[in-house]
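The structure appears right after this line, and notes come after that.
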Amino acid sequence: MDYRINGFYPRGRGEKMDYVQSNRSKILAQRETRSAYLFLLPSLVFFLGFVIFPMILCVYTSFFDATMGKNVADQFIGLKNYTELFGDSIFQKALKNTLIIVLVSVPTVAIFSLWVASAIYKMKGPVLSAFRCIFYLPVVTGSVAVTVVWKWMFHNYYGLFNYVGTHTGVLEKNINWLGDARFALPCIILILFTTSVGQPIVLYVSALGNVDDSLVEAASVDGATDLQLFWKIKWPQIMPTTLYILVITTINSFQCFALIQLLTSGGPNHSTDTVMYYIYYTAFKLYRYGYGNAMGVILAIIIALLSALQFQLAKEK
């Protein structure tokens, strides 16, 4: 039965229909929300169990004399683990090496990636894809495989660098690249650099390709130079991508571990120790789980502060 009068529902009937439709919309929204949470539940359980809970446990055990593999009860020692860090010369050396890696690798990765992306982003499809593949290949290749190749290249007897250097007259004799404190850390930084530029290059190529061409053309007509075009037009539009690259590269540099473990094990004489490797060595070699977690908390705080600083500087600009 049609209750409409002149094409419209009476006042009471219309309000009732609006109420029914609103109620149905709420029911549908609740169903969609429940379905979304059900789909997210596996990831949420994994995140809570393998990320949040270990973080809480790390902070908690950092206040204990916790051990691993020993039948000794954990003893609460308060801030003793943290105060011990200030007198630990190895930790200070590891922190210094880590900061050197970050301060060298982060700006060089960002600058080199932006330079390469600026040179190739206007190339045709197949050529651009080839360059992307070349630079991104070390990223998708397993870290162990890449490290083994570099270890062979740096070998002090039959490595590629020593072979080419001695046969071209650049080197008088073979150099123990990874066994000499003067060269070990720069070698680590070089390897980290080559494995870190792939993703930033791809991101910068995409960001530069999305720059508004009309603004670039208008500035060119007004007589803007290439440097002015980049600094006034392109740079502000790729700033979010730059911020993301800086933050991610900083975190990855602080977490440098696999290279150290596979190449030098922190040697020679702790010259390549990083905080991440020293955490592993302390917790899993010396069984000082609480002390290692204290270092992990300090490292997390440093990374958080530097990331917040980068966000603040980018926001001000």
Flagged in region 292-307 as crowded, with 18+ Cβ neighbours inside 10 Å and free of Cβ contacts under 8 Å to residues at least 40 places away in the same chain, in numbering order, are GLY292
Show me the helices (runs of 4 or more DSSP H) found entirely inside region 135-203 where at least 1 residues are of a type in the set (D, E, K, R).
143-153
TYR136 loosely packed, with under 14 Cβ neighbours inside 10 Å and not β-branched (Val, Ile, Thr)
no
Determine the pairs where a residue that is modelled with pLDDT of 90 or more, located within region 163-175, has a partner that is among the acidic types (Asp, Glu) and not in a helix (DSSP H, G or I) with Cβ atoms under 8 Å apart, the partner being 6 or more residues away or on another chain.
THR166/GLU172
When THR168 is run through (1) surrounded by 14 or more Cβ atoms within 10 Å (Cβ to Cβ); (2) over 14 Å from ILE201 (Cα atoms), the failure sits at (1)
For PHE284, state whether it is in contact (Cβ under 8 Å) with a residue 24 or more places away in the chain and aromatic (Phe, Trp, Tyr).
yes
One residue is enough: does region 211-224 have a residue meeting the conditions acidic (Asp, Glu), in a loop (DSSP other than H, G, I, E, B), modelled with pLDDT under 90 and open to solvent by less than 70 Å² (accessible area, probe 1.4 Å)?
yes
Kindly check whether there is at least one residue in region 65-77 that is part of a loop (DSSP other than H, G, I, E, B) and either among the polar types (S, T, N, Q) or within 30 Å of ASN210 (Cβ to Cβ) (or both).
yes
Among the residues that make up region 159-169, is at least one of them aromatic (Phe, Trp, Tyr) and over 22 Å from THR98 (Cα atoms)?
yes
For residues in region 252-265 being closer than 14 Å to LEU95 by Cα and free of Cβ contacts under 8 Å to residues at least 60 places away in the same chain, which is farthest from the chain's Cα centre (by Cα)?
PHE257
Mind counting the residues in region 225-242 that are exposed (fewer than 12 other Cβ atoms within 10 Å of the Cβ) and among the hydrophobic types (A, V, I, L, M, F, W, C)?
1
Pick from SER105, SER129: which is closer than 22 Å to ASP180 by Cβ and of a type in the set (Gly, Ala, Ser)?
SER105
Which of (1) closer than 22 Å to THR98 by Cβ; (2) among the small types (Gly, Ala, Ser); (3) in contact with a Lys or Arg (Cβ under 9 Å, 6 or more places away or on another chain) does ALA224 not meet, given it meets every other one?
(1)
Of a type outside the set (Val, Ile, Thr), open to solvent by 50 Å² or more (accessible area, probe 1.4 Å), in contact with a strand residue (DSSP E or B) (Cβ under 8 Å, 6 or more places away or on another chain) and in contact (Cβ under 8 Å) with a residue 40 or more places away in the chain - does that describe any residue in region 92-99?
no
Criterion first (assigned to a loop (DSSP other than H, G, I, E, B) and open to solvent by less than 70 Å² (accessible area, probe 1.4 Å)) does ASN81 satisfy it?
no
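The values are calculated or read from the model by the stated rules, or taken from the named source; none is laboratory data. This one's a predicted model, so the numbers in the text were calculated from it and none came from an experiment. Positions of Cβ are generated from backbone atoms using ideal geometry, with glycine treated the same way; all protein chains shown enter the neighbour counts. Heads up: the accessible areas ignore ligands, DNA and RNA and are worked out on the full protein's heavy atoms, side chains in. Shrake-Rupley method; radii C 1.70, N 1.55, O 1.52, S 1.80 Å.
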